[in-house]
1. Which of the residues belonging to the stretch 85-105 are loosely packed, with under 15 Cβ neighbours inside 10 Å and either under 15 Å from Thr33 (Cα atoms) or at pLDDT below 90 (or both)?
2. Can you pull out the residues in the stretch 214-238 that are over 24 Å from the mean Cα position of the chain (by Cα), surrounded by 14 or more Cβ atoms within 10 Å (Cβ to Cβ) and either basic (Lys, Arg) or at pLDDT 95 or above (or both)?
3. Among the candidates Glu77, Glu81, which residue alone is without any contact (Cβ under 8 Å) to a residue 60 or more places away in the chain, surrounded by fewer than 15 Cβ atoms within 10 Å (Cβ to Cβ) and more than 18 Å from Asp24 (Cα to Cα)?
4. Is it true that Thr194 is closer than 28 Å to Met69 by Cβ and of a type in the set (Val, Ile, Thr)?
5. Scan the helices (runs of 4 or more DSSP H) fully inside the stretch 190-254 and keep the ones with 1 or more residues being touching a residue at least 60 places away in the same chain (Cβ under 8 Å).
6. If I go through the stretch 152-190 residue by residue, how many of them are out of contact with any helix residue (DSSP H, G or I) (no Cβ under 7 Å at 6 or more places or on another chain) and of a type outside the set (A, V, I, L, M)?
Amino acid sequence: MDLVFDRGDATRPRGHALAYFHVDTEPDKLYATYLVILPVKADLTKYVPPFLASHLGGLPLADFSAFAMPPVPEPVEGYQELERLSRLRDDDLVRGGSMFSFDLPRMMDTVNQVVQTYAQLYADCLRQAPAAPLPAAAPAAPEDRSYQVNEVLYSLMSEGDKLAELARLLGKLRFAQEGKDTATITEVSEEIATLGRHLPEAFQVPSLLAAARDLSARCSRLTQLYLDRCFRLSAGDTSSAQALESQIKDLQQG
C-alpha cells in the first residue's frame, strides 16, 4: 500500500510515526495509532516476565522490531491535534487511508499493512545510507539495548503492572544502597526514571525517586508515602491520595 507523508519524508522515515485513518461510516472522525520501528531487533522472550507474556496475545516476541500501538486505531480529537503532537514529538505524520470502524479484523489488517509498508521504507533508507567508518584508534563500544527494551516493555504494561514493577525496583534499589553497589544503584535509578515516563505525571515518580535515593529515615518514610499515593491514585481513591499528599507536605516542611 502507499503511505502519504503529511510530515516527514518517505525516503528518510524517522522510525516513529503517528498514522491516521479516515472512516467511511464516520466522515467527521479520525482514528490514529503510533508506529514504532526499533533500531535493533529484540527477542523479548528473554526479557518478558511470565505474568506479562500471557497478556500480549499474538505479538511476535521472538522478533519484535516493528509494531503499532494500539493495534486497532483509536478516535482522536482531530487532524490539528495530530499535527501539533507530531511536531512536538518530531514524529512522521502519515495518512493510512480509510477503513470501516465496525470491522475490527479489517482495521487490524489495515494497520498491519501500514506497519509493514512503513518498516519497508525504513529498511530501504538504512540500506541506501552510507556506512559511517569507525575510528581506527578505538573499537566500537557494545550497544546497550536495555533502554530500548525497557521502553517497549513499560509501554505495553497495564498501570497496575507498572506500579508493581515500581515497587519491585524500589526494593532492588534499597538492597543495592545497603550493599553500596554503585553500579546497580545507577542502573535501577535509570530504570525507575524510564518507568516514570510511562506513568501519569500526577504520580510524581521523579520526586519519589529523589526520596528513595536518600537513605535517611525521613526520606524512607517519604518514599513509602509517595508509593502508597501512586497506588491510591491508580485505584481512583482521591480522598486517600489527598490525605497522603498532606502527610508528604508535612514531612517535607518538618
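1. If we filter the stretch 85-105 for residues that are loosely packed, with under 15 Cβ neighbours inside 10 Å, which is where we start, we get 87-90, 98, 100, 102-105.
Within the stretch 85-105, Arg89, Ser98, Phe100, Phe102, Asp103, Leu104, Pro105 meet the criteria.
2. Of everything in the stretch 214-238, just one residue is over 24 Å from the mean Cα position of the chain (by Cα), surrounded by 14 or more Cβ atoms within 10 Å (Cβ to Cβ) and either basic (Lys, Arg) or at pLDDT 95 or above (or both), namely Arg221.
3. Values: Glu77 fails: more than 18 Å from Asp24 (Cα to Cα).
Exactly one of Glu77, Glu81 is without any contact (Cβ under 8 Å) to a residue 60 or more places away in the chain, surrounded by fewer than 15 Cβ atoms within 10 Å (Cβ to Cβ) and more than 18 Å from Asp24 (Cα to Cα), namely Glu81.
4. Working: closer than 28 Å to Met69 by Cβ: yes; of a type in the set (Val, Ile, Thr): yes.
Answer is yes for this residue.
5. Working: elements: 205-212, 217-234, 238-253.
The helices (runs of 4 or more DSSP H) meeting that bar are 217-234.
6. Residues meeting the conditions: 14.
The values are calculated or read from the model by the stated rules, or taken from the named source; none is laboratory data. Please read these numbers as outputs of a predicted model, since none were measured by experiment. Ideal geometry is used to build each Cβ from the backbone, glycine not excepted, and the neighbour counts take in all protein chains shown.
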